[in-house]
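S.K.: This is the structure I want to talk about, given as structure tokens.
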Amino acid sequence: MTDDTGRDVVISEATILETCGDRVLPEMGVVEQLWETDPIPPEEIEDRAAACVTSFEWDDVPDGGSVAIGVGSRGIANLPTIVRGVVRGVEDAGYEPFVFPAMGSHGGATGDGQRKKLEALGVTPESIGCEIRSEMAVEQVGTTADREVPIVADANAVAADAIVPINRIKPHTGFSGCVESGLSKMLVIGMGKQRGAKLAHEWAVDWSFRKMIPSITERLLSELPIVGGVAIVEDQYDDTVIVEGIPSSEFLDREAELLEIAYDYMPTLPFDELDVLVVDRMGKEISGTGMDTNVIGRIHIAYEPPPERPTIGRIYVRSLTGPSHGNATAVGLADFVHADLEAATDRTKTCINALTASAPQGSRMPPVVETDRGGLVAALSTIGVYDPGTVRVVRVTDTMHLDRFYASAALVEAARKRDDLRVLSEPSPIEFENERFRAPSPSTG
């Protein structure tokens with residue numbers, strides 16, 4: 001396949017087989033992870049979200065005042081329902097809510113792009129019951145005390161009488177600290193829009209996010225009318241287990257406690273060492289890096305240490321999700337990608353996100369393969385000499401849905417000996433149809 005200039009951009013299966021040889025592929029079975037969870041019943045989620053509002057600190061907010069509700073770009077379970085509940089709770093308390101995108105540079109760093117990101121997640125004026133104000137304008141609200149870093153925030157949020165962020169608490173994909181991905185990061189980077197996100201990532205090169213996020217959050221809490229936030233924790237099945245209102249006075253302390261709970265719920269691969277990982281899809285609603293770095297053991301930010309585990313020899317990624325709108329940030333964490341992923345990539349959006357994150361290496365496009373057989377053969381042929389009967393290969397739907405996965409014969413045998421794993425189908429030869437894996441994505445999610 002060639003681009004408009006006639007250059008080859010996709011490596012054909014024939015070229016890969018000629019170069020690497022027609023390798024014997026491992027047989028694959030299906031394995032399920034067994035997790036014990038207690039999710040909130042779906043019919044209770046909206047009411048619980050509405051009740052969060054009662055824990056906020058409203059004393060300085062005038063009756064009928066405007067309340068800016070920040071919503072991000074992540075694929076959070078039950079997100080429209082949770083936002084609708086918060087909107088209802090704010091209205092019942094006597095205030096006028098509106099939603100604003102708190103997602104940094106996502107959506108191509110445009111107001112229209114960020115509105116479309118929310119729409120892709122099901123968050124529309126009709127679904128949540130209030131107006132959405134999506135603009136990229138920011139106002140500077142102060143500087144950090146020690147380094148004099150400018151602190152900026154969404155202009156619509158700054159003009160409101162109160163601010164309420166809604167976000168999932170989870171381990172971050174680029175750093176570790178007392179708070180990681182959650183309410184505080186949304187205030188600092190998401191609410192800062194493209195300018196704030198870029199400032200934060202530039203300063204983090206020398207300062208580190210683990211120190212920066214709490215410091216700027218404290219300043220934002222003192223300068224802006226942030227009355228509280230709605231924290232969400234999900235289990236390994238991507239179901240909601242916690243929806244909790246945190247008053248501003250308890251912001252950082254409670255978020256740190258919820259992060260510890262989120263670590264316990266985080267889905268991971270059940271094996272610390274793999275030769276090849278096949279990922280059916282990556283995307284911005286799955287993870288800020290498209291693939292969760294805590295799952296794949298790789299990181300796109302050069303100035304932060306990578307996760308200690310797992311160790312994966314090669315990663316082959318097959319597609320980019322629709323809600324990513326072409327943003328393939330951190331695609332460089334893969335070793336090979338399918339032509340479908342390359343075709344779905346918007347280089348401009350990906351570049352904007354990479355520049356904002358000060359992580360250009362993550363946006364480099366890996367070798368692009370024409371077929372799934374070609375991608376798997378390319379990955380296997382570059383790990384060294386292997387035995388199809390002992391090679392360790394896993395195929396997952398994405399890094400958020402890890403409940404079921406395809407596993408090579410050696411890993412199926414290992415799974416039989418573990419109480420937390422169950423073999424659902426015995427290993428059989430890999431089949432292809434129309435140049436793709438014949439077997440569908442493994443996860444039930």
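S.K.: So, in region 342-351, of the ones that are open to solvent by less than 50 Å² (accessible area, probe 1.4 Å) and hydroxyl-bearing (Ser, Thr, Tyr), which residue ends up nearest to the chain's Cα centre (by Cα)?
M.R.: THR350
S.K.: When region 146-188 is examined, which residues are found to be open to solvent by 10 Å² or more (accessible area, probe 1.4 Å), over 24 Å from ASP60 (Cα atoms) and at pLDDT 90 or above?
M.R.: ARG168
S.K.: Going through THR399, THR382 one at a time, which residue ends up being open to solvent by less than 10 Å² (accessible area, probe 1.4 Å) and either in contact with a Ser or Thr (Cβ under 7 Å, 6 or more places away or on another chain) or among the β-branched types (Val, Ile, Thr) (or both)?
M.R.: THR399
S.K.: Can you tell which of ILE232, ILE216 is part of a helix (DSSP H, G or I), aliphatic (A, V, I, L, M) and touching a strand residue (DSSP E or B) at 6+ places or on another chain (Cβ under 7 Å)?
M.R.: Sole residue among the options that is part of a helix (DSSP H, G or I), aliphatic (A, V, I, L, M) and touching a strand residue (DSSP E or B) at 6+ places or on another chain (Cβ under 7 Å): ILE216.
S.K.: Can you tell me which residue is surrounded by the fewest Cβ atoms within 10 Å (Cβ to Cβ) among those in region 108-132 that are more than 23 Å from the chain's Cα centre (by Cα) and part of a loop (DSSP other than H, G, I, E, B)?
M.R.: If we filter region 108-132 for residues that are more than 23 Å from the chain's Cα centre (by Cα), which is where we start, we get 125-126, 129-131.
Going one step further and asking which of them are part of a loop (DSSP other than H, G, I, E, B), we end up with 129-130.
Numbers: GLY129: 15, CYS130: 19.
Taking the candidates together, the pick is GLY129.
S.K.: Just checking, how many residues over region 248-304 are in a helix (DSSP H, G or I), of a type in the set (Val, Ile, Thr) and open to solvent by less than 10 Å² (accessible area, probe 1.4 Å)?
M.R.: Summing the residues that are in a helix (DSSP H, G or I), of a type in the set (Val, Ile, Thr) and open to solvent by less than 10 Å² (accessible area, probe 1.4 Å) in region 248-304 gives 3.
S.K.: For region 187-229, which residues satisfy the criterion of being closer than 22 Å to VAL90 by Cα and among the acidic types (Asp, Glu)?
M.R.: Once the filter is applied, which keeps residues that are closer than 22 Å to VAL90 by Cα and among the acidic types (Asp, Glu), region 187-229 yields only GLU223.
S.K.: Scanning for something out of contact with any Asp or Glu (no Cβ under 9 Å at 6 or more places or on another chain) and either charged (D, E, K, R) or in a loop (DSSP other than H, G, I, E, B) (or both), does region 310-329 turn up at least one residue?
M.R.: Taking every residue of region 310-329 in turn, at least one turns out to be out of contact with any Asp or Glu (no Cβ under 9 Å at 6 or more places or on another chain) and either charged (D, E, K, R) or in a loop (DSSP other than H, G, I, E, B) (or both).
Okay, residues lined up against (1) under 25 Å from the mean Cα position of the chain (by Cα); (2) within 16 Å of PRO26 (Cα to Cα); (3) open to solvent by 40 Å² or more (accessible area, probe 1.4 Å); (4) modelled with pLDDT under 95:
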residue	(1), (2), (3), (4)
ASP340	yes, no, yes, no
ASN353	yes, no, no, yes
THR356	yes, no, no, yes
ARG373	no, yes, yes, no
THR390	no, yes, yes, no
ALA409	no, yes, no, no
ARG418	no, no, yes, no
GLU433	no, no, yes, no
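S.K.: Looking at region 142-157 only, could you name the residues that are of a type in the set (D, E, K, R) and under 14 Å from ILE189 (Cβ atoms)?
M.R.: Within region 142-157, just ASP154 meets the criteria.
S.K.: Answer yes or no: is there a residue in region 299-310 that is of a type outside the set (Phe, Trp, Tyr) and at pLDDT 90 or above.
M.R.: yes
S.K.: Select from region 385-403 the residues that are touching a residue at least 60 places away in the same chain (Cβ under 8 Å) and part of a loop (DSSP other than H, G, I, E, B) and list them in ascending order.
M.R.: Hits for region 385-403 are TYR386, PRO388, GLY389, VAL391, ARG392, THR397, ASP398, THR399, MET400, HIS401, LEU402, ASP403.
S.K.: Let me ask you something else. Could you grab me the full set of residues in region 54-74 that are more than 30 Å from THR399 (Cβ to Cβ) and within 26 Å of the chain's Cα centre (by Cα)? Please lay out each step first, then the result.
M.R.: Residues of region 54-74 more than 30 Å from THR399 (Cβ to Cβ): 54-68.
ALA68 - this is the single residue of region 54-74 that is more than 30 Å from THR399 (Cβ to Cβ) and within 26 Å of the chain's Cα centre (by Cα).
S.K.: Tally up the residues in region 404-442 that are in a loop (DSSP other than H, G, I, E, B), more than 17 Å from TYR316 (Cβ to Cβ) and in contact with a Ser or Thr (Cβ under 8 Å, 6 or more places away or on another chain), please.
M.R.: 0
S.K.: Can you pull out every residue in region 90-107 that is surrounded by 24 or more Cβ atoms within 10 Å (Cβ to Cβ) and modelled with pLDDT of 95 or more?
M.R.: Residues satisfying the conditions are VAL90, PRO97, VAL99, PHE100, PRO101, ALA102.
S.K.: Here is a further query. Just need a number here: residues in region 40-65 that are open to solvent by 50 Å² or more (accessible area, probe 1.4 Å) and either of a type in the set (Asp, Glu) or assigned to a loop (DSSP other than H, G, I, E, B) (or both).
M.R.: Within region 40-65, residues that are open to solvent by 50 Å² or more (accessible area, probe 1.4 Å) and either of a type in the set (Asp, Glu) or assigned to a loop (DSSP other than H, G, I, E, B) (or both) number 8.
S.K.: Could you check, for region 250-269, whether at least one of its residues is more than 23 Å from THR37 (Cα to Cα), in contact with a strand residue (DSSP E or B) (Cβ under 6 Å, 6 or more places away or on another chain) and among the small types (Gly, Ala, Ser)?
M.R.: no
S.K.: Scan region 133-143 and tell me whether some residue there is open to solvent by 40 Å² or more (accessible area, probe 1.4 Å) and assigned to a helix (DSSP H, G or I).
M.R.: No, every residue in region 133-143 fails to be open to solvent by 40 Å² or more (accessible area, probe 1.4 Å) and assigned to a helix (DSSP H, G or I).
S.K.: Keeping to region 116-159, report how many residues are of a type outside the set (Asp, Glu) and more than 28 Å from ARG219 (Cα to Cα). It would help to see each step written out before you state the result.
M.R.: Of all residues in region 116-159, those of a type outside the set (Asp, Glu) come to 116-118, 120-125, 127-130, 132-134, 136-138, 140-145, 147, 149-153, 155-159.
Next, only the ones that are more than 28 Å from ARG219 (Cα to Cα) stay: 116-117, 120-125, 127-130.
The number of residues fulfilling the criteria is 12.
The values are calculated or read from the model by the stated rules, or taken from the named source; none is laboratory data. Bear in mind the structure is a predicted one, so any value in this text is a computation, not a measurement. Reconstructed Cβ throughout: ideal geometry from the backbone, glycine too, with neighbour counts over all protein chains shown. Protein only, heavy atoms only, side chains kept; ligands, DNA and RNA dropped before computing areas. Shrake-Rupley method; radii C 1.70, N 1.55, O 1.52, S 1.80 Å.
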